[in-house]
Amino acid sequence: MGFFNNMKNRLTGRTHSVTDKFRDGLSKTRHSLAEQMNNLVKKYRRVDEDFFDELEELLIESDVGMTTVMDLVDRLKDEARTRNIKETALLKDVIIEVLSDFLIRSKEDTELNLNPSGLSVILLVGVNGAGKTTTIGKLANRLKSEGKSVLLAAADTFRAGAIDQLQVWGDRTGIDVIKHQEGSDPASVVFDALQAAKSRKTDVLLCDTAGRLQNKVNLMKELEKIKRVITRECPGAPHEVLLVLDATTGQNALNQAKLFRQASEVTGIVLTKLDGTAKGGIVLAIRNELDIPVKLVGLGEQLNDLQTFDADAFLYGLFSEWFQSEDGADPESLN
């Protein structure tokens, strides 16, 4: 159980709040995916093709995605063969190791790219209903709590109530919102917000955008125009283009990611409502099929429930029972 122990050691460096949030937030996925995998291991004592066939079905049903499932299972077969693993119980360690490889690219992947010596501009994109405006509010609160000055740009000028919704978050967090009238040009809102941010020497500008997918051409043009304004007024920006996806939509979230990647140079994913779904396996599909880092995840309704994605804590949240040591201790007891 070498890899389990290595992960346990890494998890002892996490605070209780991180491991608790991932364990609690992923309870629905854990009770679905992890428990079924545990039952599968008990059902098939020996590693054989029937075991792998049923594992494939289980993962596909958990919205891991066909392409990713095939890659995962092929890798597991290779590892089992190479290490001469015959018993499914001994494959648990390998399963966690392979999943970890799929999720982890580099430490920098999950960190927001912020300008260390001037204004940072973060553009948030995503379909209506994915939780984009709520994410902006929570991210703004988080950045403010870290001592940064923040400004919000209400550039979703087309959806009825979007500006008012962002203003509610501005009022709640004590952060100013730069806004125009409903139906106005989104790029002009961003332009005014940039001028305000520069004149106030603001650390971070968060820009809301429209999320209509009915006409992809119009969406692309709007985003391209906004990005041109940002680049012209603030060279090197936007520093992040974060795509907000609703985890409860499963494979549909993956399809949205593919569309938005065509419309904009997405640098990171924010996966909302991860606590409200049994489809947490979509994280693996997004990471493997799109090679876009998941940077933030929503694990609850509270202001501080927007968490930096942590692959170790994510896997612990999914397979916390597997991390039980022989004496019953788990990583939390070691903190």
Rank 255, 195, 219 by how far each Cα sits towards the positive end of the charge dipole of the chain (+1 on Lys, Arg Cβ; -1 on Asp, Glu Cβ) and give me just the farthest. 195
Amide hydrogen neighbours beyond the local backbone of residue 244, cut-off 5 Å, H modeled: 125, 126, 270
Would you pull out the residues with amide H under 5 Å of residue 120's amide H, same chain only if 5 or more places away, H placed 1.01 Å from N? 115, 204, 205
Nearest-ten-degree value, helix 216-233 long axis tilted from longest Cα axis of the chain: 70 degrees
In the Gaussian network model of the chain, springs joining C-alpha atoms below 10 Å, which of 78, 275, 203 carries the largest mean-square fluctuation? 78
Quick calc, segment 205-320, dipole around Cα centre from Cβ unit charges on Lys, Arg (+) and Asp, Glu (-), nearest 20 debye, gives 580 debye
Ordered by residue, what ³J(HN,Hα) values in Hz, to whole numbers, does segment 23-38 give under the Karplus form 6.51 cos²θ - 1.76 cosθ + 1.60, where θ = phi - 60° and Gly and Pro are x? 5, 5, x, 9, 4, 5, 5, 4, 5, 8, 6, 5, 5, 5, 5, 5
State log₁₀ I(q)/I(0) for the chain at q = 0.07, 0.08 Å⁻¹ as given by the Debye formula over alpha-carbon point scatterers of equal weight, solvent excluded. -0.32, -0.41
Summing -39500 (n - 2.57) over every DSSP H run of at least 4 in the chain, dividing by its residue total and rounding to the nearest 500, the 222 nm mean residue ellipticity is -15000 deg cm²/dmol
C-alpha long axis of helix 186-199 to longest principal axis of the chain, angle in °: 80 degrees
Convert each backbone phi in segment 61-70 into a coupling constant with the Karplus relation 6.51 cos²θ - 1.76 cosθ + 1.60 (shift: θ = phi - 60°), then list the ³J(HN,Hα) values in order as whole Hz, x for Gly and Pro. 5, 8, 6, 6, x, 4, 4, 5, 4, 4
State the answer as a single residue: which of 297, 99, 89 lies farthest towards the positive end of the charge dipole of the chain, with beta carbon charges of +1 for Lys and Arg and -1 for Asp and Glu, about the Cα centre. 297
Through the Karplus equation 6.51 cos²θ - 1.76 cosθ + 1.60, θ set to phi - 60°, convert the phi angles of segment 165-174 into ³J(HN,Hα) values in whole Hz; use x for Gly and Pro. 5, 5, 5, 4, 5, x, 5, 5, 9, x
Electrostatic dipole magnitude of the chain [Cβ: Lys, Arg +1; Asp, Glu -1; Cα centre; debye, to 20]: 980 debye
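Laboratory data are not the source of any read-out in this text; all were calculated from the coordinates shown. Owing to the predicted nature of the structure, the values given are computational and were not obtained by experimental measurement. Here the Cβ is made from the backbone with ideal geometry for all residues, glycine too, and neighbour counts use every protein chain on show.
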